[in-house]
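All remarks here apply to the structure that follows.
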Amino acid sequence: MRPTGGRAVLHGHDITIGLAISLSFIASGEEDLALFSRSVRRVYRIAVAPIISALRSCGIDAVLGEEMKGHAMGPKSADCFANVSANDVVDQKSLRKVCGVAMLLTREAVLVQASIPICEPQVDPCLVYEIPAPVVPVSVDLDEFAKQFESALRRLIVPMHE
């Protein structure tokens with residue numbers, strides 16, 4: 001079991017992101033870290049922003065599910081990609097989840113684990129999940145995504161600590 005919780009994700013056909021950030025790097029200097037660490041919603045949005053930014057830079061119209069009118073929940077399933085919630089990263093055009101994200105927040109840091117499917121799974125999801133999500137790979141150039149993700153991370157962290 002991963003420390004971030006969340007639903008199950010098949011890996012091997014995805015961009016897998018693991019990110020650990022000290023809250024002191026993302027909280028503004030005027031914020032009390034103890035108060036900031038209790039704002040799960042705020043920390044989540046800050047920590048996921050580089051992923052959304054990189055996807056958008058690669059041509060995916062990625063937004064948080066809450067930004068879409070009437071985002072739809074899927075069936076109850078252990079498959080992370082079978083459900084869409086307000087916190088999920090979705091493609092505004094296709095209305096599908098493009099990135100599964102789970103997070104663990106402590107008083108001092110945040111751990112983010114994310115998965116972006118980019119090709120067909122190596123294992124048939126029907127063999128793993130009772131109710132699997134349809135697999136719809138995200139079409140991104142891996143080198144460009146990596147470059148854009150790094151750039152977005154630098155904008156998040158570096159300006160506050162120069």
Taking the condition of being more than 14 Å from Ser85 (Cα to Cα) and charged (D, E, K, R), how many residues in segment 49-68 meet it? 2
Is it the case, given these coordinates, that Ile51 is under 16 Å from Ser151 (Cα atoms), touching a helix residue (DSSP H, G or I) at 6+ places or on another chain (Cβ under 6 Å) and modelled with pLDDT of 75 or more? no
Restrict the check to segment 143-161 and report whether at least one residue is at pLDDT 85 or above, part of a loop (DSSP other than H, G, I, E, B) and either closer than 28 Å to Ala27 by Cβ or open to solvent by less than 30 Å² (accessible area, probe 1.4 Å) (or both). no
For segment 91-105, give me the residue count where each residue is under 13 Å from Pro117 (Cβ atoms) and touching a Leu at 6+ places or on another chain (Cβ under 8 Å). 2
Which of the residues spanning segment 112-162 are hydroxyl-bearing (Ser, Thr, Tyr) and within 18 Å of the chain's Cα centre (by Cα)? Ser115, Ser139, Ser151
Tyr44: passes all of (1) outside any loop (DSSP other than H, G, I, E, B); (2) modelled with pLDDT of 90 or more; (3) not aliphatic (A, V, I, L, M) but (2)
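The values are calculated or read from the model by the stated rules, or taken from the named source; none is laboratory data. Small disclaimer: the values here were computed from a predicted structure and weren't measured. Note: ideal-geometry Cβ built from the backbone for every residue, glycine included; neighbour counts use all protein chains shown. Keep in mind that these areas ignore ligands, DNA and RNA; they rest on the heavy atoms of the full protein, side chains included. Shrake-Rupley method; radii C 1.70, N 1.55, O 1.52, S 1.80 Å.
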